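What follows is a single structure, written as structure tokens, with notes after it.
Computed from the coordinates by the stated procedures, all read-outs in this text should not be read as laboratory data. Please read these numbers as outputs of a predicted model, since none were measured by experiment. Because the Cβ atoms are built from the backbone with ideal geometry, glycine has one as well, and the counts that use them run over all protein chains shown.
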């Protein structure tokens, strides 16, 4: 038995093993067909689905795991797996794109095409690393935080309207859900810093708390004007209200305010104070190792995707866009437009990272309370003005 | 089934498992480690100038997935000893090494880190960092050129490629 | 009551091989205690065991990316004792190497400044452009850093063919690039917010504390050994000393950018004016200084570097005192950081261009 | 050529004039004055160091210290302390350095600090303290600077300290 050293070796071994497994499965399956009667029903569907895949989908639906089922939506497509894949690849894209801005190559050798497997390598390394829990930390809270951060990102995904008919959950107050969940993010940062029992994480946690609370209020007010114009708290209704004109055209100030507060909520440069590397090492992440660190990073990037999606929904007209695909594929067309817009928002945020240094906490707070808040109110008045003049058909929340 | 045949069966099973699961898994894990070596941001002396150039655009160490420098050692894999370690720095270097999670690798960068270099007879310089840490790769030069760092990195990658998933547990000093 | 003591360094992305013990009240700094010595290698003691030639690599190691400037003061001290007069071409080559080193060192400064304010592109661009000047220096001396190029009595070898055109190309390219640097990095509103008016060191304090180099010139004192006490051929060259009256971190960064412009002008002039002839004296046998003492100064990229050399006529120096600019600027760190915020430490600390290796020796 | 004697003699008169001034003012305290171009070396008695420093600072405008060096002379059983003072404000004297030199006994290396005259000497004196064991009375913070915290050998720059392997 030889050791695996090169990629062709690995591929050969994989083919042998998978082939063995396939033969094993066929044998077991064949035996089962003639012994257990319930399987033979499935066997018929399996054979039929070779010629007509719809049958298979319908069968899976009837079991509750099909493509239209809630399970599939939550776990696979608009839900977690999709977001995790986007998060992983946006990490790769971020590194590669920043490298290009900095006249470098960036990740190259991990994976065939331009180091596209770089995030996979990082994650697989982190999984098999030693998990250190600092001796004086509060272990329960310390290890709950990675899950909580992921949960926050995942909950936001639930109300994200990727298309008109295809979404996990439609609620009349989905906007409120979004802000309730976002409001929980500063607590995770503070708890992570506090549970680490270390100085730099604690400073990072406090910074995160200050920053996120200071930026949440302008964010809420900017979003309030959107609610006023569309007359609904439902994100789907908000997107429908933008079928003719996007809100970024009506309220550019509001869009800018929301975008800036978005950066602060996501702790992106120039607002990455809670993890400012040259000042407080890694902020609240300093003591996290292995997949606890990876989990927080993954959760943060999922939140990055989800909040970019919220920005798309509120100001960029959500799924609206010209129809490319033939009739009958409206849903796919809508998903496509939503994804393209969201990715564009994410790229804009990444570009900002390449050209800006970091703010200081007092400047940041002053900026938020004295500039952004006023701008947000100004935007609110503009929205009311538009509404009162009757220039916008929807609305009437007052 | 008597004892001896069952033993043969279990032995075969473990062989099959090793062949089909452990070996490919080891390859994948080592592949991840190879392309994701994050170094601790620790500068001990003047070789850090060349380390800066190595992470700069011309030599761009990120091509191998290595980040420029990483703040906290809890997430890091490589400890690069950038030059002279003196008697004041040595306990700190040891502490930093102890705080890193397994698996971890040490690179001795430059003549001073290998043997004390120009300062072999100084009253305040360690005669090589391998007196306090287990070193994986030595890079000679004063300071080593960035090309040499890249060569050393590839040597380290080859070393990792042949290593086991779970290395021998290092007993920490309290 | 709510006092917090954090130690920044020796392992910290914002400090390097150096420790600051910072007492904080909330986010405000009450007191800063610098704790150097993590790179102390006993250069002055080792020098007593080495002869004058063996000491050359030792005295460039403290400021390794500034090696020619460090050696400038040393070889002048030895030449002062031995009463040697360097050939004219050798002097010009020395000046070219010194100015190349100044640019290399200043670019390193800018790059690390970028990291310290959280601007990764500001790290990469100067690091990339630095390679052009390293290439030039490598063409002349054969080494990337730590050239050991200056010897008592001249320089090690003459310049190869083609340096002139290549140096002019690099300078022309980099002059354009500097304008971009100013536009993108220096005039970035967030960068200005972080550095303008932060970390003030008034003129009186700067003089009292005896700081040197760009830190001193950013506080409005026009002092540069190249003008005050001209050595080599600096009195024949035409250049300015940039001085700023702002006294803050931004001004210090700006001084570095202006000095790079002046250095490029010096390199171009020296390449034009350079006479032909030998580059070093033929010193047969050992370099041995007669008894006596000498105090020699040169302007390195971070400030004045001085050597106090006492010889008793032996093979080895009796005592060498090496005063590096970073050691002189060390005293300014606690003074300047007091009353600022925790987040100000990295940019303000680095704006002094404090290089721990050089200070610890 | 900085500090090069007898090759260029730019202002021999200027240094002579300053040295004469010093000699007149501090007649009783001075042991010897050496003049080189751009450098004046004033050897003074140990006790009058503060007076001399005050004079140099206030009258000659030497506002900062460039270096403080200690030299061990085991044969004379003495340690020599050298202060090199210069000026930034006085533009005409910017290339002049005045060295203030005095010797103290090797067994009892105790002297007065000059940090109250020149604040810039603080770290230099600390270094001289740890490298040569000279105690500066009245220094605000006379602690170890470069050496490790647990250093218990004799100060390394003394001539009887031998580097390991030498």
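Pair-distance distribution of region C:297-336: all C-alpha pairs, bin width 10 Å, starting at 0; shares per bin in whole percent are 27, 37, 26, 9, 1. Principal semi-axes of the equivalent ellipsoid, √(5λ) from the alpha carbon gyration tensor of region C:42-126, are 31, 18, 7 Å from largest down. Angle of helix C:249-273 to the longest C-alpha principal axis of chain C, folded into 0 to 90 degrees and rounded to 10: 20°. Determine which residues of region C:334-350 fall in the zone a paramagnetic label at residue C:202 would reach in this model, i.e. backbone nitrogen under 19 Å from the point 7 Å along Cα→Cβ. Answer for region C:334-350: C:334-340. Once divided by 2.2 N^0.38 Å, the Cα radius of gyration of region A:206-293 becomes 1.40.
What FRET efficiency comes out for residue C:28 versus residue C:184 if R0 is 45 angstrom and r is the Cβ-Cβ distance? Round to the nearest 0.05.
Once the sixth-power term is evaluated, E becomes 0.90.
Distance between the C-alpha centres of region D:102-123 and region B:85-153: 38 Å, rounded to the whole angstrom. A simple spin-label model places the labels of residue A:69 and residue A:11 3.6 nm from each other, with each point 7 Å out along Cα-to-Cβ. With contacts taken as Cα pairs under 8 Å and at least 6 residues apart, chain B reaches a relative contact order of 22 percent.
The value obtained for chain A, namely the Cα convex hull volume divided by the number of residues, is 195 Å³ per residue.
Can you give the percent of C-alpha pairs in region A:7-66 whose distance is more than 13 Å? Every Cα pair in region A:7-66 considered, those over 13 Å come to 71 percent. To one decimal place, what orientation-averaged projected area in nm² is obtained for the convex hull of the Cα set of region A:8-153? Projected area, direction-averaged: 15.1 nm². Taking the three principal axes of the alpha carbon atoms in region D:1-128, the coordinate ranges are 42, 31, 30 Å, sorted in descending order.
Using a Gaussian network model of chain C whose springs link C-alpha atoms within less than 10 Å, name the residue from C:103, C:30, C:320 with the highest mean-square fluctuation. Judging by the Gaussian network model, the answer is C:30.
Computed over region C:237-361, the convex hull of the alpha-carbon atoms projects to a mean area of 11.1 nm².
A convex hull fitted to the Cα coordinates of the protein assembly as shown yields 214 cubic angstrom per residue.
Output the peptides C:110-122, A:160-172 sorted from most to least packed, where packing is the average of other Cβ atoms within 10 Å over each peptide's residues.
On the way: C:110-122: 24.1, A:160-172: 18.1.
Per-residue mean Cβ counts within 10 Å order the peptides as C:110-122, A:160-172.
Comparing A:313, A:339, A:35, which has the greatest mean-square fluctuation in the GNM of chain A with Cα pairs linked when under 10 Å apart? Among A:313, A:339, A:35, the largest mean-square fluctuation in the Gaussian network model of chain A belongs to A:35. Here the Gaussian network model covers chain C, with springs between Cα atoms less than 10 Å apart; of C:340, C:71, C:283, C:283 fluctuates the most.
Among DSSP beta bridges whose residues both lie in the protein assembly as shown, state the antiparallel percentage, nearest 5. Working shown, then result.
Working: 55 of 73 bridges.
DSSP beta bridges in the protein assembly as shown are roughly 75 percent antiparallel.
When the Kirkwood hydrodynamic radius is evaluated over all pairs of different C-alpha atoms of chain C, what value in angstrom, to one decimal, is obtained? Present the calculation step by step, with values, prior to reporting the outcome.
Working: mean 1/r = 0.0477 Å⁻¹.
Taking the inverse mean of 1/r over all distinct Cα pairs, chain C comes out at 20.9 Å.
Between residue A:369 and residue D:151, the modelled label-to-label distance comes to 4.8 nm, taking each label 7 Å out from Cα in the direction of the beta carbon.
Report the relative contact order of region D:12-137, percent, no decimals, based on alpha-carbon pairs under 8 angstrom and at least 6 residues apart.
Working: 217 pairs, mean separation 28.1, N = 126.
That works out to 22 percent.
Would you please give the FRET efficiency between residue D:112 and residue A:184, computed as 1/(1 + (r/R0)^6) with r the Cβ-Cβ distance and R0 = 56 Å, to the nearest 0.05?
For residue D:112 and residue A:184, the calculated efficiency is 0.30.
Hey, what number do you get for the protein assembly as shown at 222 nm if only DSSP H runs of n ≥ 4 count, each worth -39500 (n - 2.57), divided across all residues, to the nearest 500?
Values: 42 runs with 538 residues, N = 1099.
-15500 deg cm²/dmol, from helical runs alone.
Sorted largest first, the spans of the alpha carbon positions of region A:332-393 along the three principal axes are 43, 37, 13 Å. A crude spin-label estimate for the pair residue C:314 and residue A:131, with each label 7 Å from Cα along the Cβ direction, gives 6.3 nm. Between residue A:244 and residue A:45, the C-beta separation translates, for a Förster distance of 41 Å, into a calculated FRET efficiency of about 0.35. Only Cα pairs under 8 Å and 6+ residues apart enter the sum, and on that basis the relative contact order of region C:37-131 stands at 20 percent. Tell me the angle of helix A:7-35 to the major Cα principal axis of chain A, expressed in degrees between 0 and 90 and rounded to the nearest ten. Taking Cα atoms only, the helix is inclined about 70 degrees. The C-alpha atoms of chain D define a longest principal axis, and helix D:122-132 lies at about 50 degrees to it. Spatial offset of region C:166-187 relative to region C:243-265 amounts to 14 Å, using the alpha carbon center of each. The distance from the alpha carbon centre of region A:202-221 to that of region C:103-131 is 31 Å, rounded to a whole number. Most simply put, region B:37-161 has about 10% antiparallel DSSP beta bridges, counting only bridges with both residues inside it. Here region B:37-161 was treated as a single set of alpha-carbon atoms; its pair distances binned every 5 Å from 0 give 2, 12, 23, 26, 21, 11, 4, 0, 0 percent. For region D:12-137, DSSP calls about 75 percent of its internal beta bridges antiparallel.
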